[in-house]
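Notes for the one structure printed next.
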Amino acid sequence: MKTIKSLSFYSTIMLPYILSSLLLFFTFMSKDTYIAKETDTVKAMLGLDTNAFNIVMILTLTISNLIIFFVVFYILKLFIFLFDRAKVTHNKHLFFSLLIGYTVTNLCALIINDFLNLSIDSVGKYTPFIDLIIFTGLYYYFSKLKKITTILFMIKLLIGLPGVLV
């Protein structure tokens, strides 16, 4: 019973992250004409109406966001395992820092897009740095471990750097 409660708790707290990711995608899709044309082409190729296509997009985005989240989580967890000889870190700190960081970053991207009316390319250049700052601050706030926070900062910077350079 404890496992079911724990699983339902973690599923519930993942909901804001998923919703903010979906909202961010559909906001950019509606504002960027190139993305709108490409999605119309895909929709026509698949022979789906708008509602069915949106459901497919929601399922695809949800799965891809969860995969990205857990891949990054386990990469960071691996580096914590390698560098934390005293075993003083907790997976909860990493999980919540990453989850809250991604959610707040998505909301910041929406706010930046709304107030500054920037394109998806411009916002995509700023969000990895916003995510890096928020994640690092949250992880240090939760764990109070300077060495591990510094290592996670560097690894997260390496993870986010290709998105900025492309």
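Miscellaneous remarks
- Residues that are free of Cβ contacts under 8 Å to residues at least 24 places away in the same chain and buried (at least 16 other Cβ atoms within 10 Å of the Cβ) within the range 142-152 comprise just one, Thr149.
- Screening the range 67-85 for residues that are within 12 Å of Met14 (Cβ to Cβ) and in contact with a helix residue (DSSP H, G or I) (Cβ under 9 Å, 6 or more places away or on another chain) and picking the one that is surrounded by the most Cβ atoms within 10 Å (Cβ to Cβ) gives Phe69.
- Subset tally (residues that are more than 17 Å from Phe153 (Cβ to Cβ) and either touching a Pro at 6+ places or on another chain (Cβ under 7 Å) or not hydrophobic (A, V, I, L, M, F, W, C) (or both)) for the range 85-135: 16
- The residues of the range 65-123 that are without any contact (Cβ under 8 Å) to a residue 60 or more places away in the chain and in contact with an Asp or Glu (Cβ under 7 Å, 6 or more places away or on another chain), listed by number, are Gly101, Thr105.
- Among the residues of the range 86-109, those that are over 22 Å from Ile67 (Cβ atoms) and surrounded by fewer than 16 Cβ atoms within 10 Å (Cβ to Cβ) comprise Ala86, Lys87, Val88, His90.
- Unique match (being within 30 Å of Thr149 (Cα to Cα), among the polar types (S, T, N, Q) and surrounded by 15 or more Cβ atoms within 10 Å (Cβ to Cβ)) among Ser64, Ser20, Ser11: Ser20
- Residue in the range 27-48 that is closer than 25 Å to Leu157 by Cβ and within 21 Å of the chain's Cα centre (by Cα) present: yes
- Checklist (1) within 26 Å of Phe9 (Cα to Cα); (2) in contact (Cβ under 8 Å) with a residue 12 or more places away in the chain applied to Leu157, failing item: (1)
- Residue-level check: of (1) surrounded by fewer than 15 Cβ atoms within 10 Å (Cβ to Cβ); (2) under 23 Å from Ser119 (Cβ atoms); (3) modelled with pLDDT of 85 or more, Tyr34 misses just (3).
The values are calculated or read from the model by the stated rules, or taken from the named source; none is laboratory data. Note that the structure is predicted; figures quoted are calculated from it, not measured. Cβ: placed from backbone, ideal geometry, glycine included. Neighbour counts: every protein chain shown.
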